[in-house]
Structures are given as structure tokens and as C-alpha cells.
Amino acid sequence: MGDNNHWISALPALRNRRIAQRLLLYILAFSYFVTLVSTSVQLFSDYQRDVDLIETRLEQIESGYLASISASLWNLDNKQLELLMDGILHLPDIRLVEIYELTDQFSDPLHIARGVKQTARQLGREYAITYPVLGEERKIGTLFVQASLDNVYDRLWDRVILIFFSQGIKTFLVSLFILYIFYQLVTRHLSDLASFVNTIEPGKFQTALRLNRKPLKKPDELDEVVGAFNDTTYKLHKAYEELRAANDQLILDIAARKRAEQEVIHLNQVLELRVQQRTAELEAANRELDSFCYSVSHDLRAPLRRIEGFRRILHDNYHQVIDDQGAHYLTRIEAGTREMTEMINSFLRLSRSTQGEMNIARHNLSDKVNAILKRLREQAPERQVELHIASKVYGEVDSRFIDVLLTNLLENAWKYSLEKPVIEIDFGVLSENNERVYYIADKGVGFNMQFADRLFSPFQRLHSATEYEGAGIGLATVQRIIARHGGRIWATSTPGEGATFYFTLWSRNSDNGNGNHSISGRQS
């Protein structure tokens, strides 16, 4: 009685549980599906058995009645035929018996019918009626028998109702029992677990969770869940205590950091003032240095012109009294003055590359490269040249300075390719680490990467002046222009195979020159 009361009291709790409702639905659905399949198989077997039974009766008609019907039809004994047909009609499930006489076209054939013909749920069979005439079987008519399947379908329908009614009640009761067992073993403990979780407060020590049931000899899955939950609760409490201690320490660290930030702000202010002072001093020093460079370069021109003037007087007025050795010395003096003049001009160009305000705008570098190379080709129209210039390469640059930069790099590429049968020069842009990198490449004589530390320094050369003309100031000028555009420049080369110069504009890393790159180049 107590178990019944507990079962009845558990029903409302089961009704309010969505898991229980889904479980009941799944059990019922699967059970009814199995019942439907098994019932279909059983009904098909019963249907096949009943049809086979009717087929057997139809075969018995052929063996038991056909001979008598044949004799009666031959003798045209209508009364006997009707008695035989009534006998067949009284067999189970037989609904129609018909006899057709087979005669010539000049006489009326005999036709006798007993019963009602059906158009659906029927099974019919025709029998040939034969009679021996002169030792030969002769067909004299046809017997048609139709059996009804109504009783078969009625019996099947009764079985369907009986099976589904009995199986449905049984399935429902079994499902309720399974649901009750599931509630007792699992669901109510999950509810206790949810209630226990709702009582947990951060930072407050929590007693261990215990299941409301008798201890089992061997722990089951719920015991494992409870054990894991209690272990997790302990770890969370421990982590909370550690977090609280870390938070207290963080508060102290924040206070210390604020004090440090105040000190940093004060130091930054002091440093900014010093930077402004140093910047002003550097600007003044640069102005003085530029003025000094200009003055020195300008002042050197006068004595250099006097030396050249006296050399020309000696050559023009005293060439008759000067021997060959003296003429050779005058030639050396002339070469030295020309070299000194070029050095002074290059020194002035280098000085001017860091002077003047910049007017930054978007320019088509491809057009500028084509214009410079067109001028170089006009100077040597007989040379075979292959150019690969990328179209529509743009850059945010100062037009005046970028012309100087491109001119120096392209003249270098042209000059150091003159020994080759074909002058090959490439210009383009590529992407490297989300940064646009411009390049100018040639297939000239190249250089040795071992001397990379001498690149981009004024008056440093990797080739002698007798091999290639130039004052050694071109790449230094290029580097200063790149620096003013916030970029960097480097180069790679293999002796005899050419060189490639790379440069960036407004790079995130404004470390110009060779810096930390593995680079090398040629000095013009």
C-alpha cells in the first residue's frame, strides 16, 4: 500500500518534468513503431494464409465438381447444373458461379449464373469444361468461380484493433513504469543537485553534496557525478580564495603603478624638455653644418679655379719648353681638378638632399621611371635594352626628392650593366609583411656582399674610379632621401649576376640604411 501511495505521489512530479515527458514520448513512439512493424508482418502472414486457403478451395472445386459439371453440360441437364452450382456457392467465401456453353454460331449458347459478382476484394478463376468425344477431349464450355476477400479483410481489421488496443495499453503501462524507475533512480537526484547548486554562494564554504538514498555497495554513475561535483566545488572555492588574494595584491599593485605612472609622467616631462633642448641644439648644429658645407664647397671652387687657370696657362704658353714628363704632370693636375669639382658638386647635392620643406603628394612612380630610362636610352641608342616596368605604381612622395632618388638608382643600374650585351632593368612593387616594398633590379656586374658595411656612406666605392665614373655620393644621397620619407633601403647582389635595391616609404620601422638587414649595394 505504501508503494502504491509513493507511486501515486510521484505522478505529479513526473508530469512537471520535461525530460520525463520527452522520455515517455520517445518510449511510446518507439514501442508503437515496433508494434506497427510486428503487426504488419503478422497481418501479412494471416492474409497470405487466408488467401492460400481460398486458393485451396478453388483447386478442390476443380477436382470435386468439374467432372459432374462436364457431364451435366453435355447432356444439357440444367437442373443438375444448378444443383452443382448451388453446392459450390455454399462453400466459404464463394460469391459467384457462372457456366458458359461453347457452341457453334448457329445456336444459342447456354449461360447459367448463381450469386453476385464483385468488382473489388475478389479472387476469380476460370476452368475449361471438356468432354470426351470419339476418344478426344473436347472443350464444351467454361466454368467461372469468384471468391470474395471481404471476410479476409474483416478478420484482419479485427486483429488490427485487438492488437493495437492490447499493445497500446501494455506499452503505455510499461512506459509509465520505466518513467517511474527513471525518476526514482535519476531525475529526483538531478533535482536535488540543481537545488544544491542554487544554494552555492561565492566565497562561502559549502558542505559536500549527498544523494538522498541508501548507500550502494558499488558506486554508480550518479555517485561519480556527485564526487566530481564535490571535487569541482572544492576547487572553485580554493580558486576563489586565491583570486581574492590576487585581487588584494592587484589593488596594491595598482596603487604602486599609479605612483609609478606619476613618476613616469614627471620624468617624461623632464625628458621632453631635454629632447626639445637637444632638438633645438641639433637643428642649430645642422644649420651651421649645412652652412659650413656650402661655404666650404663654395670657397673651394675659387682656389680650384686658380689652379686650373694656372695649369691652362702653363699648357698654352709654355708647352714648348715643358718636356713630356711635365706635360704628363699637367694632365694629372687637370684630372685632379675635374675630380675635385665633381666631388664638390656631389658634396653640395648631398647637403641639399636634407634641406628644404617636403611637399608630399601621390605620384605615379612608373611614369617617372619610364621618363628617366627614356633619357638614358637616348644617350646610348645603339644598346640593346630590355625593360620590365610595372604599371601604375604609386607612392606618397615629394616629387623633387623622388626624382633624385630614382635617377641615382636607375643610373647606377644602367652604368653597371654597360658591360653586358643586353641591359636588363626591372622596376616594381611587392608586399612583404603587409608592407609595400619597391625594387629596382639589374643584370649588371653586381658586387660582393662581404662589403655591405661600406654601403650608403659618402665617398665610399666598391669599384675603382678607372672602371666606373662617379664620386661615391649617389647612394648616400638616396639613403638621406629615403630617411626623409620615413622608409628604409637595402640591397642584395651576386657578383656577375646583377643587383637589386629595395626601399620602403613611410615604413612602420623607420630604421633606415642597412640596419639589421642582410643588405649590400654599389656606390655610384
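The values are calculated or read from the model by the stated rules, or taken from the named source; none is laboratory data. These figures come from a predicted structure and were not determined experimentally. With ideal geometry, Cβ positions are generated from the backbone for all residues, glycine too; neighbour counts draw on all protein chains shown.
Figures for the structure shown
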{"read-out": "Test: residue in the stretch 331-353 that is of a type in the set (Phe, Trp, Tyr) and either farther than 23 Å from Gly474 by Cα or modelled with pLDDT under 80 (or both)", "value": "yes"}
{"read-out": "Among (1) within 30 Å of Ala194 (Cβ to Cβ); (2) modelled with pLDDT under 80, the one test that Ala285 misses", "value": "(1)"}
